[in-house]
Every structure is written in structure tokens, then in C-alpha cells.
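Have a look at the structure below, then the notes.
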Amino acid sequence: MITLKEALKLQKEEIREFREDMAKKIDEKKALGAYVSQLTGEALDVKGEGIPIAVKDNIQVEGWSVTCSSKILQGYIAPYDATVITNMLKAGLSPFGRTNMDEFAMGSTTATSYYGKTLNPADTERVPGGSSGGSAAAVAGGIAIAALGSDTGGSIRQPAAFCGCVGLKPTYGKVSRYGLTAFSSSLDQIGPITQNVEDAAILFDIIAGHEPKDSTSAAISHKPTAPNLNPNKKFKIAVIENFLNEASADIQKGMKNAIEALKSNGHEIIYKNMLNSKYDVATYYIVATAEASANLSRFDGVRYGRRVEGDNLKDMYIKTRSEGFGDEVKRRILLGTFVLSSGYYDAYYIRAQKVRHLIKDNYEEILKEADLILLPVTPTAAFKFGAISNPLEMYLSDIYTIGVNLCGVPAISIPVGKTDGGLPVGVQLIAKHYDEQTLLDGAFSLETILKGR
Ligand code: GLN
């Protein structure tokens, strides 16, 4: 598969040929049956004449269905383009497909999709990660040269790590959420999943920028990162020592490789500690579920998607929501409604907001001393379908990714090798708010060092 950088140099006629080849390839892959269900809805549509970029099924493309992999939104057609789509079209990129995801982006496996599961191209018995598992599998499986995902608590970085791609979660506010179906509005962020760091920078530059229609979009002009990408800058990189014991031997090995590679190329590694990671998980699952319970109240059978008729209005609401949402989404709506209910609001929601501040302070303090933080992305490599059935255990597997969203800083997941069994292993770098340039330079440096080995 050619890279996005190469694709952007193609002439009109070459783009047409490229698209024809791509369509053939997709047919072959579909015939293989291997990753069939990473695309949902109008699976293989392409809008415009540009280079096709796969798009997660929670980003609105005018005239296309947007299901968020939920039954409740089956048949719902997006009435407008998300800002990221408008920006892509302007840059000669065409939205393509609807990539599969965990229902409403809640999950870590893409197996909670109403439309079937997506398989990990590295090992089809294993999950591709989630919630942007379809986007990562499409890139890793050679179906798309790059894809858009969304990251509320790791949903770009974790599937990128499980499938062996690069995944960038930009600073909160850097890429507009206008046209992204909201899960947790203070945490959600759209970003690229690509074959390499340079492509991540290119796609990020295309989708980033201020959007007046989105009050959470940062009112600062975007300075392009890709043309300034430099793999030779040297950084001070903090490793969070007390976080490492939660990771499996495979991941520890990946971290060690990354640390040695960085050190031997002149980067300085320092060791730091942070607030116990169990606070990240508890805080995230209070804030995210509280916001989700409010955001998902709009799916009521009146305004969007499917309706199940009832004897009266209340009965219709109950039937529509009971039949339309899957178990994980219901669990989160219940949890979120509980933590926001009077009597529990102070004990849970307000307390979680306070701890969120402490977590943010922790990251910011370390990032005052260091240019970057290096962490694992996941505690293990991709696991088998069904291996984690307890929801709490699943939530605990988010320990390395959710602090970044609570804090709002940018982070990138980069492949650093394979387990003995051949599964991809990733690590993530984290930078200061709005410092995607340092983040991408550091990632580019690590990628370049590892490629040269
Ligand atoms: N796995 C996390 C969750 O289930 C992250 C989801 C996301 O980033 N959208 O909430």
C-alpha cells in the first residue's frame, strides 16, 4: 500500500487508477472473509474524486448513514459534513467507507458493534482493539492508506497499537468535534490512524484548525507540523516508573527497546512517578459515563434513528431505547445517570472532577521538566475474542490511555516491535497541550531509529 504522502503526489489519472486498484483489492479481501465487517452501512462509498481515507462510523458525512455501530441509529442519514470531512475534501481527500467501532465508541474491542465484529489483521482470532478498531484494521489490513478515528479514552491509540499502526490523539480542541457524534464531550477528539508518523502529521495538518461552529474548538491558527518534521531533535523524555508494573512481559520488552533506542540516539531519559493509575480509571469512568448519559438522551425515537412504537410516549421511549441500545451502552447510561443523580452527585461526579484536576496537574508538572512522556499504550498485546468478559476488567485495560484524555494533552501510539507470537506492540509518547510538533518529532525520531535497526 502506498503512503498518504505518496498518494498526495498522484496526478488525476493516477488517482483514478489507484482507486480502481483499491476497489479490486477490497473485493479480494472481502472474498477472503477475513476483515469483512470492519466496514458498515454504505460500506464502500467514496465521496468526491480524491484519495480515499476511511472514516469511523461516528463522523458525519452528508447524505451517508451514520450508525455509531448502534441499532438505534440504523437508517439515520447525516444531514451535513463534519468539519474534518470538509477539510479533507478541500485538501483532495475523499471520505471512504464507514469503519466499524464499538457501539457509540464505548469499548476496547469493536465487538460491541451491532453490525458484527472486526478481526485483527495480525491474527484474526484476536480483537483489533477499540473503539476505532475498524479504522485500525482497515489500515493494517491494506484496505485504506489512512483512516480517521476518535479517541475519548484511548480509542485511536489502543487499536493502532493492537494492529501495528500509528495513531494520533491531538490536543483537546485542536481538531473540531463539529459533526462527531458526542460520547463524552470534554474528552472526545478526532485524529488520524496511519501507516507511519509522517502520514499522521500530514492528515493531522489537514483536519486541524479552528471551527467557529464548535465552542470547544481552540481559537488558534494551526501551524503545519508535517513540513517541519525533524527526526534529529533531541528530547528529555520521562518514563513513568510506577505505571510500568501493570504491563505484561511483552509490553515491558517493547518499552525497554524503545527506551534503549531513544537513549542510544542522544535522547535523555528521566524516571518519574505519578498518582496511582487506579484513580485514572475510576475518574474516567465517572466523567465519561456522566457525559454519555446526557449526550445519549437525544436518541429517543423522535429526533434520530429508529423508533419502536408504544402505547404512549413514555412507553415508546422505553421500548425504543431498550431495543436500540446494546448492553455496554445501557450499562454506561445507568452508571452515568447514577453518578449525576441528586444525593450522589457530590460524592461521585464532583469528586471525580477534583481528581481529574490532580491527574492533570501531575501530567503538567512532569511535562514542565520533560519534553515528552513515554508510556505503554496497553497492558498486553491484542487479546482473543471473549478473553475479557468482565466489564470492570475491560475498563482496567484502559489504564495507560485515559489519563491523557482527562488532561487534554496530545499523545501518539507508535509500533515498536512484535511479541514472540508475532503480535504488534506499541508505545505512546505524550506532549504538552498544543505541542503536536514536539510529539510528532519525537515519534518520527523513534520510528526512524527503529526502522534503521
Ligand atoms: N476503551 C475506552 C472506553 O471504553 C475508550 C473509548 C474511546 O476512547 N472512545 O470508554
For segment 360-368, 3J(HN,Hα) per residue [Karplus equation, 6.51 cos²θ - 1.76 cosθ + 1.60, θ = phi - 60°, Hz, x = Gly/Pro]: 4, 4, 4, 4, 5, 4, 5, 6, 6
The chain: calculated mean residue ellipticity at 222 nm from DSSP helix runs of at least 4, using -39500 (n - 2.57): -11500 deg cm²/dmol
Sequence-distant lysines (8 or more away, or on other chains) whose Cα lies within less than 23 Å of LYS233: LYS5, LYS169, LYS223, LYS256, LYS263, LYS272, LYS368, LYS432, LYS451
Rounded accessible area of HIS210 (nearest 10 Å², 1.4 Å probe): 90 Å²
Two-decimal ratio, segment 162-265, of alpha-carbon radius of gyration to 2.2 N^0.38 Å: 1.30
Centroid-to-centroid separation of segment 137-172 and segment 240-308 [C-alpha atoms, Å]: 14 Å
Straight-distance crosslink candidates among lysines, where the alpha carbon sits under 16 Å from LYS213 and sequence neighbours closer than 8 are dropped: LYS174
Unit charges on C-beta of K, R, D, E only; dipole of segment 142-286, Debye: 320 debye
Kirkwood Rh in Å, taken over all unlike Cα pairs in the chain: 21.7 Å
Accessible surface, per residue, of segment 93-186 when the full set of protein chains is kept, probe 1.4 Å, Å²: 15 Å²
Those lysines that a straight Cα-Cα span of less than 16 Å connects to LYS278, excepting residues fewer than 8 apart in one chain: LYS354, LYS360
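The values are calculated or read from the model by the stated rules, or taken from the named source; none is laboratory data. The structure displayed is predicted, hence computed values, not measured ones. FYI the Cβ positions are ideal-geometry reconstructions off the backbone, even for glycines, and counts take in every protein chain you see. Heavy atoms of the whole protein, side chains included, go into the accessibility calculation; ligands, DNA and RNA do not. Shrake-Rupley method; radii C 1.70, N 1.55, O 1.52, S 1.80 Å.
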